[in-house]
1. For the range 238-288, how many residues are modelled with pLDDT of 95 or more, polar (S, T, N, Q), out of contact with any Asp or Glu (no Cβ under 8 Å at 6 or more places or on another chain) and not in a helix (DSSP H, G or I)?
2. State which residue is surrounded by the fewest Cβ atoms within 10 Å (Cβ to Cβ) when the search covers only the range 291-346 and only residues that are polar (S, T, N, Q) and in contact with a helix residue (DSSP H, G or I) (Cβ under 7 Å, 6 or more places away or on another chain).
3. Give the residue, chosen from A172, A200, that is small (G, A, S), out of contact with any Ser or Thr (no Cβ under 7 Å at 6 or more places or on another chain), buried (at least 20 other Cβ atoms within 10 Å of the Cβ) and at pLDDT 95 or above.
4. If you check V64, V27, V23, which single one turns out to be in a helix (DSSP H, G or I) and touching a Leu at 6+ places or on another chain (Cβ under 9 Å)?
5. Report yes if some residue within the range 219-231 is at pLDDT below 95 and either touching a Lys or Arg at 6+ places or on another chain (Cβ under 9 Å) or surrounded by fewer than 20 Cβ atoms within 10 Å (Cβ to Cβ) (or both); otherwise report no.
6. Go through the range 72-116 residue by residue and tally those that are hydroxyl-bearing (S, T, Y), more than 16 Å from the chain's Cα centre (by Cα) and in a loop (DSSP other than H, G, I, E, B).
7. Could you list, in sequence order, all residues of the range 1-20 that are over 19 Å from G210 (Cβ atoms) and at pLDDT 95 or above?
8. Pick out the one residue from K26, K48, K40 that is under 30 Å from G311 (Cα atoms), surrounded by 11 or more Cβ atoms within 10 Å (Cβ to Cβ) and among the basic types (K, R).
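The values are calculated or read from the model by the stated rules, or taken from the named source; none is laboratory data. Just so you know, these numbers come straight off a predicted model, no measurement behind them. Cβ placement follows ideal geometry from the backbone for every residue including glycine, while neighbour counts extend to all protein chains displayed.
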Amino acid sequence: MEMQMEFVRRLPDPEEIKDEYKVSEKVKKIKEERDEEIAKIFRGEEEKLLLIIGPCSADNEEAVLDYMHRLKEVYDDIKDRVFIIPRVYTNKPRTVGIGYKGMLHQPDPTKDEDMLAGLIAIRKMHNRVVEETGMTAAEEMLYPENHIYLSDLLSYVAVGARSVENQGHRLASSGLGIPVGMKNPTGGDISVMMNSVIAAQNGHTFTYRGFEVHTPGNPYAHVIMRGYVDKFGRSHPNYHYEDLMNVLEMYNDHGSLKNPSVIVDCNHSNSGKRYLEQIRIAKDVIHSCHVNPEIKSLVKGLMIESYIEDGAQKIGEGVYGKSITDPCLGWEKTKELLYGIYESVL
């Protein structure tokens, strides 16, 4: 039997999209400068704390840009100690494969999927973020072959808990040229996450978008601790002091790994998706850094889900700046947290 796929249309190659929706020289310069500063943080040459912060899903361009402008105002006050990489996540993994998969699939969450319109929409939105705020963003790499559509705009990529064992994600990560965070899998097996980092830090030859490619390895591949779910479906955290020491020990066991680094995801299973817990978790991790210089050197930053309004809503409810996926910390609480983090990372 033939494959049961309907080939709807051929999507433009990345070069076609990039040529039609070009980035300015200003954007190129911003990305180059930010990429280098982020690399210095991962190399331990600069002690700023990374904050990868923003909506769970970037579902509405105007609300996302509104949020980003607010974030930039605070960033200008705290950037001597904190380096912000805004989350502009347009690819959303779904646990059971159905539901809203992000702006890439649905530029308008209330309408049908349209991936051509989605590719254009996400490129325009990312470009606006950089042009208007001077901040290059983070994305989740749900589809490795799609990264190249945004490769001239992004400064950080996360590989999700459901993708981290996938060979394609690991190999593509070895050639992205920017930091890639490997989340621990949903079941919590830390060795799986470390194996992904090892794979990404080494060079490979493989197929990518119809080409045979070779990669040099990514020295900035690192781990993201996001908590885990046990066999009974209960969430468990892995951001505590002992968890971080365990990861440090695993890094030490793999002495060939470059730039040992951890980002702590303050939401997901670490918070049990109780978004307000992110405030306490962020403070707890920073306290662990104060207690032990080795942990301070290891933990390069935090990941926080934040938007304009607290919580989450269902698609179609129409609350401006409120998440339609996981619950997020609202802006007023976010602003207070950002200044609190700034004061605590002396």
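1. Total meeting the criteria: 3.
2. S344
3. One residue alone meets the criteria, A172.
4. Every option except V27 fails the conditions.
5. For the range 219-231, residues at pLDDT below 95 and either touching a Lys or Arg at 6+ places or on another chain (Cβ under 9 Å) or surrounded by fewer than 20 Cβ atoms within 10 Å (Cβ to Cβ) (or both): present.
6. The total comes to 3.
7. The answer is E20, and nothing else.
8. K48
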